[in-house]
Each structure stands twice: as structure tokens, then as C-alpha cells.
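The structure under discussion appears below in the form of C-alpha cells.
The values are calculated or read from the model by the stated rules, or taken from the named source; none is laboratory data. Not measured: the values here are computed from a predicted model. Glycine gets a Cβ as well: all are built from the backbone with ideal geometry, and neighbour counts include every protein chain shown.
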Amino acid sequence: MPRLHGVNASPFVRKTRVVLEEKGVAYELVPVMPIGVSDDFRRISPLGKIPCWEDGDYTLPDSSCICAYLERKHPEPPLYPAEPESLGRALWYEEYGDTRLVEVLTTVFFQRVVQARIMKQAPDEERVRQALTDLVPPVFDYLEGEVADADGIVDGCFGIADVALASPFVNFDHAGERVDPDRWPRLAAYVDRILSRPSFKALVEEEKAAFGTL
Ligand SMILES: N[C@@H](CCC(=O)N[C@@H](CS)C(=O)NCC(=O)O)C(=O)O
């Protein structure tokens with residue numbers, strides 16, 4: 001059976017697992033914490049990052065590479081638009097989710113969950129406050145103007161863009177934060193809609209049990 005190396009809390013591992021769930025691909029999750037990784041792991045993931053895919057002799061790091069590979073390997077249901085302009089938009093939102101959104105939302109997650117719950121040290125609430133007041137609002141303002149009242153952000157169809165955009169919001173939720181529906185009503189509804197898909201729900205329950213945030 002193919003193996004996915006990584007741990008749950010990572011928005012990139014979650015993104016890949018949701019794609020695997022949506023496509024109905026069976027796999028084994030091999031726990032790898034991305035700190036001080038072994039030489040063996042670095043051979044299959046040269047940047048030392050999670051996730052990394054392994055199927056027999058074939059190995060592939062990076063969530064975006066793995067998800068694109070899975071799309072070709074298991075085409076149904078399609079998660080990437082066929083039309084060039086739509087595909088371009090989907091890849092842009094995936095990139096935005098993986099970079100800016102992960103950066104601002106996981107700052108809060110790192111302090112409240114990793115630092116406080118896992119490392120048992122006082123969270124830096126000043127950093128959290130700064131993230132929530134300075135970094136998060138411009139990102140949410142942008143997304144509020146982009147999301148649709150539909151199954152997905154690109155052409156109204158659920159796909160890779162929605163998986164990548166919604167995944168970091170699970171970390172935000174673990175940190176006790178949600179999108180304020182009074183300030184960003186379309187974004188709040190969009191995130192709720194995507195995270196209520198069975199593929200996300202099962203993983204989120206598993207994570208909440210592990211983090212004690214149920
Ligand atoms: N672009 C990569 C990013 C992966 C990534 O940054 N993973 C984090 C965990 S959330 C990691 O492994 N960090 C360890 C490090 O940066 O050394 C992807 O999409 O898979």
C-alpha cells in the first residue's frame with residue numbers, strides 16, 4: 001500500500017490527505033515529525049519537509065507535487081479544472097493557501113497549540129494579537145472578495161484550490177479562532193462549507209481528539 005509520510009497538524013499533510021480521501025485512494029500514514037529528520041527521510045524528501053509520498057520505488061515530496069501527481073494517477077473525481085484559465089486560477093489559490101494563508105494562520109496555531117499544549121510553555125499572546133490584528137485582516141479581506149457562494153472558488157466547483165485554502169483554517173480553529181462572520185460573512189460561510197465535506201470532517205475529528213481540542 002502507498003505511504004504518506006507526515007503528521008496531522010501540518011496543513012500540507014492535511015491538504016494531501018483530503019485529496020486522497022476525495023479520490024478514494026487507500027494509503028498508510030507514516031508519522032514523521034519535521035524536526036531533526038533522519039538521513040533516510042531526507043533522501044526521499046531533500047528539503048526535510050512533510051508530506052512525502054512513497055509508492056514502491058516511487059517517492060515524491062511536496063503537497064502540490066503529490067496532489068498534481070494524484071490527479072493524473074487517479075483522475076476521478078477531477079480536482080483540477082480542465083480549462084486553462086480556470087486551471088491557472090486554481091493553481092494561484094493553491095499557492096496563496098500554501099504560502100500567505102498558512103503563514104498568518106499557523107502563527108496563531110504555533111503559539112496556542114504547539115507552544116502551549118505540546119511544549120507546555122506560555123504562548124506569546126503579543127505575537128498572537130499582532131497576527132490577529134495586523135496580518136490576518138488583509139488576507140481575509142482579499143479572500144472575502146474572491147470566494148463564491150458555491151461549492152468551490154473556481155467556476156463554482158470544488159477542487160484543489162478549496163482544499164488548499166480551507167486546510168490552514170483547521171489550524172486556526174485548533175487555536176480557538178474562527179473567521180468573524182460579521183466582518184467576513186462570505187469567507188466564514190465558504191470555510192464552513194468546505195470544512196463540512198466528509199473528507200475534511202473525518203480528519204478534523206481525528207486531529208481534535210489528538211490535540212484535546214474537541
Ligand atoms: N511546499 C511544501 C511545504 C511543506 C512544509 O513546509 N511542511 C512543514 C510542516 S507544516 C515542514 O515540513 N517544515 C519543516 C521545515 O521547514 O524544515 C509542501 O507543500 O509540501
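Assorted remarks:
- Scope the range 1-10; condition near the ligand (Cβ under 9 Å from one of its atoms), in contact with a helix residue (DSSP H, G or I) (Cβ under 7 Å, 6 or more places away or on another chain) and closer than 16 Å to Cys65 by Cβ; matching residues: Gly6
- Cross-chain or 6+ apart pairs with Cβ under 7 Å, the range 84-98 first and within 15 Å of Leu143 (Cβ to Cβ), then of a type in the set (Asp, Glu): none
- Residue count for the range 180-214, restricted to those that are surrounded by fewer than 12 Cβ atoms within 10 Å (Cβ to Cβ) and at pLDDT below 95: 4
- The range 26-67: number of residues that are more than 8 Å from the ligand (Cβ to nearest atom), surrounded by 15 or more Cβ atoms within 10 Å (Cβ to Cβ) and closer than 22 Å to Lys201 by Cα: 4
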